[in-house]
1. Quote the FRET efficiency, to the nearest 0.05, computed for E383 versus H149 with a Förster distance R0 of 41 Å and r equal to the Cβ-Cβ distance.
2. Kindly express, to the nearest 10 degrees and within the range 0 to 90, the angle between helix 240-256's C-alpha long axis and the longest C-alpha principal axis of the chain.
3. Calculate the translational D of the chain in whole µm² s⁻¹ from Stokes-Einstein, where the hydrodynamic radius comes from the Kirkwood formula applied to all Cα pairs, the temperature is 10 °C and the viscosity 1.306 mPa s.
4. How do D188, D112 rank when sorted from fewest to most other Cβ atoms within 10 Å of their own Cβ?
5. Fully extended, how many nm does the chain gain between K210 and E85 (0.36 nm per residue separation, minus their Cα-Cα distance)?
6. Counting other beta carbons within 10 Å of each Cβ, put T96, T329, T41 in order, fewest first.
7. Could you let me know the centre-to-centre spacing of region 375-453 and region 160-217, using Cα atoms, in angstrom?
8. If you average over every viewing direction, what projected area does the convex hull of the Cα atoms of region 74-159 give, in nm²?
Amino acid sequence: MINKIEFSNRLTDLRTKCGLSQNRLAEMLFISGQAISKWETGSSLPDIELLIPLAQILGVSVDCLIGNDISVIAEALTSYDTSDENIMLLTAMSDTLSREYLYKAAKYFEHDKLKYTMSLTLTAEKNVYTNEIDVKEMTAESLKPLSRHLSNLTLRAINESYNPVQEITDYMRCPNCGGNLVYIKEADCEYLMCDNNHRYDINEGVVDFKTLEMPGFTWSSWIRRYEDFKKNNSKYYNSELRDNDYKMCLDELRKDKPKLIIDIGTGMMGWASRMVRLIDWECVLVLTDLSHRILKYDKRYVDEVLSNPKVKVVYLACDVRNLPFKDNTVDNITSMGGFEAVIYDYVKAYKESVRVLKNNHKALFDITYINDRNSADSIKWLELIHNEGGDMKVYYNMIFDLKELAELIPSYGFSNHTLTVISDPIPPPDTDVFPYNDQISRWMGLAFVTAQK
Ligand SMILES: C[S@@+](CC[C@H](N)C(=O)[O-])C[C@H]1O[C@@H](n2cnc3c(N)ncnc32)[C@H](O)[C@@H]1O
């Protein structure tokens, strides 16, 4: 039995320690702020399916969240051949690290492979004084507040030497010749190599299929440095609209709990990177983008801030019109704005996803739409865009109304689909100038599509 009052106090404490408002936490879980308020006043408890994402967001184990005694873990860890100080360190991490990783860390300790030091720096006027602290000398009590940091570093260290792409090479194929791919690790490099010796280096954890962004559509130029990326990422995807979209996708995914998911055109801190934290089943999530740099930043951010031991993330800098996967191998495709970003060749991107999907499996994507093409509002919008000319012309050809989409989606190879409207198009302005500059779809409706192969 979970004690509601104890739970409510623990939750408030953890939430405020993480610097999250009730509303922010509610947003991250895709639920209402009132639900959080009810949990924190002790009048209700979260649904069981929310416990794992909630614990992950707060950076603690579910055991810790619901108040289970963690000494069970310390007990289990004594079976490893390691010192009492190391067990104390592991126990300090047990709030924030999953059992799987805790035991992996214990194994590292057995072989003396982990050493934690803390550096304390004092700057006085122009002088800097530094003290190194051996974490092993600290007490269990003083280690507790460091749990999150210790766990995060440990997770990174354990994952560093391991790229999960090696778990899925059986499903992959060379995008150049279709040959089988194998993963090879040498002393100072790692890469994928095919039967015909096409080699794809893995740089900074991202498999580089050497794709380049299309001239005129260089998304990576929005952000030049990782620091800017970090600063801006929360601003980009904070709209309520997108959150509804994301929630639908996550709910849909939860029904099937797919083991191998490919996200199409992941972009910078897009849907898939954010979802890493909320997925609560074991899976491999493949993030794709033409730009190596975008994925490199995504990886860094996921590793530093969002990592989730349940989700193995593979980063492929590749062209989604020529996915490095064999036919009928993938359990699920997601794409939030990704298909539509292949403006110049989106039909090929859809068809390619259908090729790699297993039969009867689903693609989940959002899509923009207009109301009946012949309605007065649509005619006015289309006129405004047409008059803009320039780059707008490319976009112009991929504006569809719902009737047209109902015919188009099957033509990509899906056997059936459902389309749920998330928001309607807005009425046109009373001027002769298109009001949104290069943001072509700001006025259009948004729908969420579940399509089955
Ligand atoms: C709108 S952004 C993605 C948004 C993101 N999925 C989200 O959830 O917010 C589009 C991304 O698709 C990528 N892209 C465009 N064409 C592509 C292609 N042919 N193959 C792979 N990625 C592509 C771009 O580099 C860009 O980063």
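Bear in mind these aren't lab numbers, they're just calculated from the coordinates by the rules spelled out. From a predicted model like this one, the values you see are computed outputs, not experimental measurements. Positions of Cβ are backbone-derived with ideal geometry, glycine not excepted, and every protein chain shown enters the neighbour counts.
1. Numbers: r = 57 Å, r/R0 = 1.39.
Here the calculated transfer efficiency is 0.10.
2. 70 degrees
3. Details: Rh = 24.4 Å.
Estimated via Stokes-Einstein, D reaches 65 µm²/s.
4. Values: D188 5, D112 10.
Going from least to most buried by this count: D188, D112.
5. Working: separation 125, 0.36 × 125 = 45.00 nm, distance 4.67 nm.
Additional length available on full extension: 40.3 nm.
6. On the way: T96 24, T329 18, T41 12.
Lowest to highest Cβ neighbour count: T41, T329, T96.
7. If we compute the Cα centre of each part, the gap is 36 Å.
8. Details: hull surface 24.9 nm².
Result: 6.2 nm².
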